[in-house]
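A.B. asks: Have a look at the structure that comes next, please.
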């Protein structure tokens, strides 16, 4: 007498098995971690009031298309680029840089004053050429910034800086902190030159 042939899995059983595998894969995925270039509240410093009211604004920041996405783009040891799906900026990178610079200027120059009768407002334009993230090595911000009034013939200044923060340990949190420090150094340079220009003094680029 022949042995009975084992019953083949039914379509319903196959579908249930496939769904279980899919749900297991999804549950094993870690949620994305979000980072910001804004400093932590504990790291803020008291506002230093300027000598007089100063009208200023930070214009939208331009950044390279390669890093203009929520996911982090990092440079590997061999020089290639990798996109990290789990590491993301909480806001578009250009807006993160703009907000962090404006925050630093507010705490050192005071909140932007209303335009004077002439309507003059000092405008800060930032053009980022490089925003490199190398885990375990460095965070690099290379940018050109221009300080100029929106009206009048006052002096304008165009500067360039390369801000590199060495990273040794700490993983991605340390890398985000390195970029925070780089943006803070950029804002400090802008603050020094903006103070001099608004006071009618000669100013030089400092990085």
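The values are calculated or read from the model by the stated rules, or taken from the named source; none is laboratory data. Everything numeric in this text was worked out from a predicted model, so none of it was measured. In this analysis, Cβ positions are derived from the backbone assuming ideal geometry, glycine residues included, and neighbour counts consider all displayed protein chains.
A.B. asks: What are the pairs, 6+ residues apart or on separate chains, where a residue within region 122-139 that is more than 29 Å from residue 109 (Cα to Cα) has its Cβ under 8 Å from a residue that is part of a loop (DSSP other than H, G, I, E, B)?
C.D. replies: Pairs found: 134/167; 135/167; 136/167; 136/168; 136/169; 137/167; 138/167.
A.B. asks: Still on this structure: Scan region 50-59 and tell me whether some residue there is at pLDDT below 55 and out of contact with any strand residue (DSSP E or B) (no Cβ under 9 Å at 6 or more places or on another chain).
C.D. replies: So far as region 50-59 goes, yes, one or more of its residues are at pLDDT below 55 and out of contact with any strand residue (DSSP E or B) (no Cβ under 9 Å at 6 or more places or on another chain).
A.B. asks: Going by what's in this entry, would residue 191 be described as within 24 Å of residue 53 (Cβ to Cβ), modelled with pLDDT under 95 and in contact with a helix residue (DSSP H, G or I) (Cβ under 8 Å, 6 or more places away or on another chain)?
C.D. replies: Answer is yes for this residue.
A.B. asks: Has region 171-183 got at least one residue that is modelled with pLDDT under 95, within 30 Å of residue 71 (Cβ to Cβ) and more than 16 Å from the chain's Cα centre (by Cα)?
C.D. replies: Yes, region 171-183 contains at least one residue that is modelled with pLDDT under 95, within 30 Å of residue 71 (Cβ to Cβ) and more than 16 Å from the chain's Cα centre (by Cα).
So that you can scan it fast, the table gives a plain yes or no per residue for (1) part of a loop (DSSP other than H, G, I, E, B); (2) free of Cβ contacts under 8 Å to residues at least 12 places away in the same chain; (3) under 13 Å from residue 36 (Cβ atoms):
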position	(1), (2), (3)
66	no, no, no
69	yes, no, no
72	no, no, yes
78	yes, yes, no
95	no, no, yes
103	no, no, yes
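A.B. asks: Next question, about the same structure. Being closer than 24 Å to residue 74 by Cα and not in a helix (DSSP H, G or I) is the filter here, so list the residues in region 156-206 that pass it. Give the steps one after another, and end with the answer.
C.D. replies: Residues of region 156-206 closer than 24 Å to residue 74 by Cα: 160-187.
Once the filter is applied, which keeps residues that are closer than 24 Å to residue 74 by Cα and not in a helix (DSSP H, G or I), region 156-206 yields 160, 161, 162, 163, 164, 165, 166, 167, 168, 169, 170.
A.B. asks: Against the definition (more than 20 Å from residue 95 (Cα to Cα), part of a loop (DSSP other than H, G, I, E, B) and modelled with pLDDT under 90), how does residue 118 come out, yes or no? Even if it seems obvious, please write down each step before you answer.
C.D. replies: On the way: more than 20 Å from residue 95 (Cα to Cα): yes; part of a loop (DSSP other than H, G, I, E, B): yes; modelled with pLDDT under 90: yes.
Taking the combined requirement at face value, the residue satisfies it.
A.B. asks: Quick check, is residue 88 touching a strand residue (DSSP E or B) at 6+ places or on another chain (Cβ under 7 Å), modelled with pLDDT under 95, surrounded by 15 or more Cβ atoms within 10 Å (Cβ to Cβ) and farther than 21 Å from residue 150 by Cβ?
C.D. replies: no
A.B. asks: Sticking with this structure for a sec: Being loosely packed, with under 13 Cβ neighbours inside 10 Å and at pLDDT 85 or above is the filter here, so list the residues in region 137-159 that pass it.
C.D. replies: 158
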